[in-house]
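Enquirer: Below is one structure. I have some questions about it.
FYI, it's all coordinate maths here, none of it is from the lab. Worth saying up front: this structure is predicted, and the values here are computed from it rather than measured. Every residue, glycine among them, receives a Cβ derived from its backbone with ideal geometry; neighbour counts consider all protein chains shown.
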Amino acid sequence: MVYTPGSEEGLPSAAHQRLLQMRGGAGKSSLFTSDLSVNEFLLVREAGFDPLGLVMGSSIYHIGLQISGFYQNQEMEVLTQAMYHARELAMTRMEEEADVLSADGIVGVRLTVNRYSWGESLAEFMAIGTAIKHRQGEHYRTPDNRPFTSDLNGQDFWTLLRAGYRPVSMVMGTCVYHVAHQGLLKSLGQMGRNVEMPNYTQALYDARELALSRMQAEAEAEQAEGIVGAQVHESSHGWGSHVIEYFALGTAIKSIAEDHSIPAPTLTLPLTG
């Protein structure tokens, strides 16, 4: 699904109606929804943005089948593509909801994968976050006019802006990899010994590097200066112990000021003991 600014192609009618009600009009005042905490809400406001509403996108995706060599380390390219495409569908629909609210961006984005008992090869990919808009009308959308996306929380978002940087886009990279099984003779030869398992080491190393390099390529395409908050998650998603997805995720940022004044750290002590 290709993102088109202003498109509502992927939105169900219920979502469109909910978003229009939040916008207000016809004698009704606007009403925002948000998953921001109280502190996050206040800091987003302090940064000059107003929350507009909770936005989300969903895709239930059938994940295809790929057979791997039992004794072979290899990327499962069919599965990699499925995981990538399903997340992109969910992200695009979330951005379309933000467009309906005329948002500049989305903060606190979370991506989840859920499986259901009624579909062994099905998984729901979901993206959810809070759409925000700059109060003074400053332009914060991406070069191709998408709302910016970020998995930063409200505190980190405020700190980033105050230091003269802005989020451009959530960037991600994924790699589904088959880790080869080890032969019986080799396993017997290693019994009782401290020894590196080079087959497993190389497989996991390769898979992580592929995921990280793809995340980095997305940031380069967004003309970002760097990525903050990068994480690498791993999960088998029910494929079995020798097939693992490595999913790299972070927020690409760029500078919006020549002088980067970093706020001094302050000490905070809890009163609860």
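Enquirer: May I ask for the distance between the Cα centers of the range 25-100 and the range 119-164, given as a whole number of Å?
Expert: 10
Enquirer: When a footprinting reagent is the concern and you count Cβ atoms within 10 Å, what order do GLU196, GLU225, GLU88 take, fewest first?
Expert: Fewest to most other Cβ atoms nearby, the residues stand as GLU196, GLU225, GLU88.
Enquirer: When each pair of different Cα atoms in the range 15-255 is counted once in the 1/r mean, what is the Kirkwood radius in angstroms, to one decimal?
Expert: The Cα-based Kirkwood calculation yields 19.7 Å.
Enquirer: Let me ask something additional. Of the chymotrypsin sites (Phe, Trp or Tyr not before Pro) in the range 94-163, which ones lie in a loop per DSSP and count no more than 12 other C-beta atoms within 10 Å?
Expert: TRP118
Enquirer: So what is the calculated 222 nm ellipticity per residue for the chain, using -39500 (n - 2.57) for each DSSP H run with n of 4 or more, over all residues, to the nearest 500 deg cm²/dmol?
Expert: So the calculated ellipticity at 222 nm is -10000 deg cm²/dmol.
Enquirer: In whole angstrom, how long is each semi-axis of the equivalent ellipsoid of the range 1-61, when you take the square root of 5 times every eigenvalue of its Cα gyration tensor and sort them from largest down?
Expert: Values for the range 1-61, descending: 24, 17, 11 Å.
Enquirer: Cβ neighbours within 10 Å, averaged per peptide: list 15-21, 204-210 in order, most packed at the top.
Expert: 204-210, 15-21
Enquirer: Same structure, new question: In whole Å, what three semi-axes, largest first, describe the equivalent ellipsoid of the range 228-273 built from its Cα gyration tensor (square root of 5 times each eigenvalue)? Before the final figure, lay out the partial values.
Expert: Working: eigenvalues 272, 105, 6 Å².
Result for the range 228-273: semi-axes of 37, 23, 6 Å.
Enquirer: Report, in debye and to the nearest 20, how large the dipole of the range 15-255 comes out about its Cα centre when Lys and Arg carry +1 and Asp and Glu carry -1 on their Cβ. Provide the component values of the computation, followed by the final result.
Expert: Working: 19 positive and 27 negative charges, 89 e Å.
Value, rounded to 20: 420 debye.
Enquirer: Tell me the net charge near ALA221. Cut-off is 14 Å between Cβ atoms, ALA221 excluded, with +1 for each Lys or Arg and -1 for each Asp or Glu.
Expert: The answer is -3.
Enquirer: Let me ask something else. Of GLN136, GLY25, VAL195, which is farthest along the charge dipole of the chain in the positive direction, counting Lys and Arg as +1 and Asp and Glu as -1 at C-beta?
Expert: So the residue furthest toward the plus end is GLY25.
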